[in-house]
Every structure is written in C-alpha cells, then in structure tokens.
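Reviewing the structure listed below.
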Amino acid sequence: MNRGELRLADGENLLWQCSPRPVPSAAKNKRLLVALSLVWLSVTGWFVIDGNVTGAVFSIAAGGIGALVARQRENAIELVEYFVTDRRIVVHTDEEGKFEERVYPLAELPEPVLEPHPDGTGTITFAGAEDRRRRRVVHIDRYAERDLVLRAIDHAQRVYDHIRRARDSAGGASAE
C-alpha cells in the first residue's frame with residue numbers, strides 16, 4: 001500500500017482524507033530562521049578568521065543539528081495522512097521509508113472533542129474524559145496508541161460532524 005491509498009471493505013465509504021496543514025507560523029519562523037542563519041554564519045566566520053578551529057567545528061555542528069531538527073519537524077507533518085470512513089479512522093505515517101498504518105474502529109473510540117484554531121484548522125482528539133482532564137495538550141504519541149489525535153486539519157467542524165454521524169451509526173455513541 002502506498003501513501004494516499006486506502007483499501008476499503010465491501011460497502012465501506014470514504015468520508016474524508018487529508019494530511020495535516022503545515023503550521024501557519026512556519027512563515028513567521030522562516031524569518032527568524034533566516035536571521036538565526038545569518039548570526040550563525042557570522043559566528044562561524046568569526047571563529048574561522050580568528051583561527052579558533054574548535055569553535056568553528058562546534059558552530060558548524062550546532063548549525064547542522066539545528067537545520068536537521070528544523071527540517072525533521074517540517075517533514076513530520078508531511079508524512080501523516082488521515083482517512084475517515086463510515087466504519088473506521090486510519091492514520092498512515094511514512095517515516096524514514098517505514099510505512100505504518102494504524103486503524104481505529106469508530107465504534108471503539110471515545111467521544112471526539114473538537115478544538116478549533118484561529119488559523120481555520122482544528123484538532124480532533126479522541127482521548128477519554130479522564131485523559132483530557134489530566135492533559136491540557138495532547139500530541140500524537142506513537143507509544144500510546146489508545147489516543148488518536150487528528151492535528152491541524154482543514155474543515156475541522158465538517159470532519160468532526162462526519163465522525164460523529166458515522167460513530168453514531170456504527171454504534172459507538174456512548175455516554176461519557
């Protein structure tokens with residue numbers, strides 16, 4: 001199976017599919033990143049001109065690590081894809097060439113909670129009521145597969161409504 005591809009069971013309907021929208025603050029962060037890059041180049045250049053090899057090596061290593069971390073965060077969102085059908089939610093991830101598919105039957109999921117964001121996106125969380133009280137912020141955690149979070153999605157209210165209707169018809173309507 002490839003990215004963007006989902007095998008549907010007989011009679012199953014795909015209601016929605018997308019990847020998280022890149023964080024809008026990334027445009028603002030790019031200005032900061034350019035400024036930090038200029039400072040990094042100046043510091044590294046100063047170490048080279050001064051003949052401080054240790055400082056230059058350290059500066060180059062720190063800059064390289066910083067660039068890798070920034071790129072990895074940017075790629076993390078691009079490597080996730082969500083599918084909502086009338087029976088289940090499927091999350092595809094493709095990190096470092098390792099494709100992973102997680103399937104969450106709608107009837108087994110806790111009640112969804114929608115958190116709209118000012119940029120027009122939203123986050124839909126499926127953590128139980130007790131988990132939501134304990135944690136103010138929920139992130140996708142590959143080690144805690146019981147929690148499902150759809151992050152930075154466009155048309156979040158519409159997706160939330162699709163999920164609620166499909167969950168109710170799948171028999172997942174339970175009182176919290």
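Read-outs: derived from the displayed coordinates by stated rules, not from any lab. Computed from a predicted structure; not experimentally measured. Methodologically, a virtual Cβ is constructed for each residue, glycine included, from the backbone with ideal geometry; neighbour enumeration extends over all protein chains shown.
Points to keep in mind about this one:
- Between amide H atoms placed 1.01 Å from N, distances below 5 Å from L15 occur with V84, T85, D86, all of them 5 or more places distant or on a separate chain.
- A simple spin-label model places the labels of L32 and C18 2.5 nm from each other, with each point 7 Å out along Cα-to-Cβ.
- Calculated FRET efficiency for the pair D119/D10, C-beta based, R₀ 35 Å, to 0.05: 0.35
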